[in-house]
Amino acid sequence: MGAKILLKRLDQLESESNLEKLRFYPGNFHELTGDRWGQLAVNLEGLTRLIFEPNHDIRPIKPDGGLDWSAVTSVVIIEIVDYH
């Protein structure tokens with residue numbers, strides 16, 4: 001995995017005030033499901049993903065039960081992995 005793309009993704013996460021602003025950035029920021037529910041991912045290279053989750057005591061949830069991306073203002077990096 002290239003350090004350049006990893007640094008770009010970390011910079012994207014750091015530069016915006018909330019996740020909603022990243023939703024349509026290159027890299028496919030997306031929520032995970034199943035045993036990774038509550039985590040999010042962004043593409044690095046190939047099938048490698050940067051995994052992170054909201055850094056909030058209470059997960060910001062919309063009325064429909066989905067993650068409120070606009071209320072996520074801080075994240076914790078979990079791992080870099082190919083989970084496919």
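Sort out which residues of region 1-15 are farther than 24 Å from K62 by Cα and either in a loop (DSSP other than H, G, I, E, B) or not charged (D, E, K, R) (or both), and write them in order of number.
M1, G2, A3, I5, L6, L7, L10, listed by residue number.
Please determine, by comparing only the residues of region 29-55 that are exposed (fewer than 14 other Cβ atoms within 10 Å of the Cβ) and at pLDDT below 95, which one is nearest to the chain's Cα centre (by Cα).
Out of the qualifying residues, it is G38.
The values are calculated or read from the model by the stated rules, or taken from the named source; none is laboratory data. This structure is a prediction, so every number in the text was calculated from the model and none was measured. Positions of Cβ are generated from backbone atoms using ideal geometry, with glycine treated the same way; all protein chains shown enter the neighbour counts.
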